[in-house]
Amino acid sequence: MKPEVVVVLAKSPVAGRVKTRLQPAFSGAEAAALAAAAIRDTLDAVGDLGPRRTVVAWDGPRVPWLPSSVCVLPQRGTTLDERLEHVFDDVYASEGAPARVLLVGMDTPHLLAADLDVPWGDDDAVLGPSCDGGYWSIGFRRHVPGAIRGVPMSTARTGGDQLVRLERLGLRVGLLPMMRDVDDPEDAAAVAAAAPATRFGRLHRRLVGSPCSPATLFDAALSGVPVEIRVADGKEHAAGFLGAGMLDATPWGRLTEADEVVVSRCEGPVLDIGCGPGRFVEALACAGIPALGVDLSREAVRQTRGRGGFALLRDVHDRVPGEGRWGTVLLADGNIGIGGDPLTLLRRCRAVLRPGAVALVETSPDRGHDIRTTVTLHGPWGRRSHPVPWAVLGSAAVVDLAASAGFVAVEEWNVSGRAFVMLRHAG
């Protein structure tokens, strides 16, 4: 017996606000696109069912593709339990009479109209459990105030706690078949495989089958997700900081003895290019030296800020604060290789430095290395990046290029198997 009213609980698919647990496997924009596809698939299923009335309980900015036939109600309340409670309050107030009202979320794009044709029988309420311990659907034959508010949400016990609440109110509850919500990348892959013809399934397949931004997989690596580096041209034996194998971001998070020597050489203020999780920015701030990190990875910027440092999501070739006034540019962890064109990068470094300032460059421990290659990043869930041009340079190559870029090499040193060069702006 199909419900008379179906409510779809949905959040506007705004990047960074929706489906954030799909990150870092997907960028914020990609996660938002998947969310939009899931909402539209859910509305398609409801449309195929054909209830007397379809309501979308909406949170956030309106989108133009919501069907004109649906009634859009703004969500009210702060917590999820409050918003769910208010949805039923508002729907029943507008109905003015008892009605079978079924609410579904936006996390089950594989939903079919048949899944919504609920066998109510004599039940006062229905509840559809989800694999993660929550529930994908809840419905009532009549308005039952207080049926949801106060039930702990987003836990592994939410579905069980909700069932207890309904039964304590004396309601006969019918359980619907269990379904899988799309919460994380593993869920997304499973649901897309189960429903390949849906918008969600097609978009997921297209995203996974196409190269992504390298920053997406750098974000993943910084979050502890296993990411593999594959080096082109058969140069794995000499690829230095980005050698073939797993990209282990752990060392980027802690200051070492070699890093402390670098910090001691810094003249403020310091611009850390490719700052990663911010260990240098943090250490410099603790030493009383003003520092700013720039990185193309959102996760790197987030982690740097989380350590109390300043960081910007920016390409160093775009304008940065303090152009021409920095005291030190820092290129650690092999970041001289960014973009595969170290001469252009060194010239950019000179442009942001004041005359007489320094660039501290970490080089390959092999002084003779001068390797230009490309790498691709490969993460779980089938994601791979566009090729990334990269260079691996020993100190000899850096010193040669530095002269062409307007620097004078003033010092080389090695600590704990790592090699560094200090270059001074020739003025």
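Annotations for the structure displayed:
- Here residue 354 passes the criteria (1) out of contact with any Phe, Trp or Tyr (no Cβ under 9 Å at 6 or more places or on another chain); (2) assigned to a strand (DSSP E or B); (3) not aliphatic (A, V, I, L, M) except the one numbered (1).
- Residue match in segment 378-391 (condition: over 23 Å from residue 211 (Cβ atoms), within 24 Å of the chain's Cα centre (by Cα) and among the polar types (S, T, N, Q)): no
- Meets criteria (more than 30 Å from residue 326 (Cα to Cα), of a type in the set (Val, Ile, Thr) and either in contact (Cβ under 8 Å) with a residue 40 or more places away in the chain or assigned to a strand (DSSP E or B) (or both)) for residue 208: yes
- Evaluation of residue 246 against (1) open to solvent by less than 60 Å² (accessible area, probe 1.4 Å); (2) touching a strand residue (DSSP E or B) at 6+ places or on another chain (Cβ under 8 Å) (one fails), failing number: (1)
- Residue among 81, 41 that is part of a helix (DSSP H, G or I), open to solvent by less than 40 Å² (accessible area, probe 1.4 Å) and under 20 Å from residue 153 (Cα atoms): 81
- Tabulated pairs, segment 358-383, first farther than 30 Å from residue 324 by Cα, second open to solvent by 50 Å² or more (accessible area, probe 1.4 Å) and of a type in the set (S, T, N, Q), C-beta under 8 angstrom, 6+ apart or interchain: 365/414
- Unique residue being more than 27 Å from the chain's Cα centre (by Cα) and over 29 Å from residue 155 (Cβ atoms) when the list is 63, 70: 70
- Flag for residue 104 being modelled with pLDDT of 95 or more, closer than 12 Å to residue 7 by Cβ, over 29 Å from the mean Cα position of the chain (by Cα) and of a type outside the set (Phe, Trp, Tyr): no
- Considered as a group, the residues in segment 89-139 that are without any contact (Cβ under 8 Å) to a residue 40 or more places away in the chain and in a loop (DSSP other than H, G, I, E, B) include one that is surrounded by the most Cβ atoms within 10 Å (Cβ to Cβ), and that residue is 133.
- Pair list, Cβ under 7 Å, 6 or more apart: segment 22-50 residue farther than 22 Å from residue 381 by Cβ, other residue of a type in the set (S, T, N, Q) and open to solvent by less than 10 Å² (accessible area, probe 1.4 Å): 42/108
- Taking the criterion of being open to solvent by 50 Å² or more (accessible area, probe 1.4 Å), out of contact with any Asp or Glu (no Cβ under 8 Å at 6 or more places or on another chain) and outside any strand (DSSP E or B), the residues of segment 357-381 that qualify are 365, 366, 367, 368.
- For segment 251-274, filtered to residues that are closer than 21 Å to residue 313 by Cα and either hydrophobic (A, V, I, L, M, F, W, C) or part of a strand (DSSP E or B) (or both), the residue that is most open to solvent (accessible area, probe 1.4 Å) is 252.
The values are calculated or read from the model by the stated rules, or taken from the named source; none is laboratory data. Predicted model, so just to flag it, every value in this text is computed and none were measured. Positions of Cβ are generated from backbone atoms using ideal geometry, with glycine treated the same way; all protein chains shown enter the neighbour counts. These area figures cover heavy atoms from the full protein model, side chains too; ligands, DNA and RNA do not enter into them. Shrake-Rupley method; radii C 1.70, N 1.55, O 1.52, S 1.80 Å.
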